[in-house]
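Below: one structure, written as structure tokens.
The values are calculated or read from the model by the stated rules, or taken from the named source; none is laboratory data. As the structure is a computational prediction, the values presented were derived from the model and not from experiment. In this analysis, Cβ positions are derived from the backbone assuming ideal geometry, glycine residues included, and neighbour counts consider all displayed protein chains. Areas reflect the complete protein model, heavy atoms only, side chains present, ligands, DNA and RNA absent. Shrake-Rupley method; radii C 1.70, N 1.55, O 1.52, S 1.80 Å.
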Amino acid sequence: MTATSIILAAGRSMRLRPLTDHQPKCLLDMGPKKILDWQLDALKSIGVLDVRMVVGYQKEMIQSHIENHHPEMRVTYIENPDFETTNTLYSLARALRDFEGDFYYMNADVVFEQSILQRLSTYTGGGFLAIDRKQCREEEVKVQVDNDQITAIGKHLDPNASYGEFIGVANFTGDFAKRFRATVLDEAVSPNEMKFFEHALNVMADKHDMFAVDITGLPCVEVDFPEDYEYAIQEVLRAFVQVDEG
């Protein structure tokens, strides 16, 4: 079983200002918890306590919150000091430079019900990405799929020709995790400073073991804009708080 998670939480989240003027996005209130709390509790639900967290903006706030609210988590903090001039490809490269092995991947701004991670945890021997089947917008990370195999991924894909949205939660295992790590490290060079980490997935020559895991109908949203935050509170949170309490 995958026993480590990598969470990217370095960015400044300018599109959510003023909510993020004085705190990182992952510490925004989300019902009775913070966004990050829901993620860490989901990891605990599958027995994962080791986290490699890439931080940058307001990193001390994140460290303090985890120490105070999740003392059982074993967190390695990796700083991306260039968080204002680089994107998730560079942050992930920093996390992988001295780490080899299977890992769960999460963007720190995804609000999702823990059954999504539990579903991903049942797979081994490939790269498994949580995909919400829907009509996508231009801004969303889209995938093209052939018999569950992901053949292309990125924001650049035609929404009308896409299978659905990658929500920013995945499980990378086995030989795929090794090849993906090598690709990330190869691609995290100029002029790719502002590339998203999905760029590395898209340019991999061999995608035979990269699969879409259908999580359609399970509550989730990536919080990029104020309307995403409101949707998360009004719709997504309501759905999975009921599950959590039940």
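Taking a point 7 Å from the Cα of GLU72 along the Cα-to-Cβ direction, the residues of the range 26-47 with backbone N closer than 20 Å to it are 32-47. Per the Kirkwood formula applied to alpha carbons, the range 1-147 shows a radius of gyration over Rh ratio, Rg over Rh, of 0.95.
Computed FRET efficiency, Cβ-Cβ of ARG17 and GLN135, R0 41 Å: what is it to the nearest 0.05? Spell out each step's value before the answer.
Working: r = 28 Å, r/R0 = 0.69.
In this case the efficiency is close to 0.90.
Only protein atoms count toward the accessible area here, which uses a 1.4 Å probe; on the chain, the carbon and sulfur part of that area reaches 46 percent. Subtracting the Cα-Cα distance of ASP148 and ASP214 from their residue separation scaled by 0.36 nm leaves 22.9 nm. Here the translational diffusion coefficient of the chain follows from Stokes-Einstein with Rh set to the Kirkwood radius across Cα pairs; for 4 °C and 1.567 mPa s it amounts to 72 µm²/s.
For HIS69, neighbours were defined as the other residues whose beta-carbon sits under 14 Å from its Cβ, and their charges (Lys and Arg +1, Asp and Glu -1) total -2.
Within the listed set ARG97, ARG133, ARG12, the residue fluctuating most in the Gaussian network model of the chain (springs between alpha-carbon atoms under 10 angstrom) is ARG97.
Note on THR85 and PHE99: the model spin-label points, each 7 Å out from Cα along the C-beta direction, lie 2.5 nm apart.
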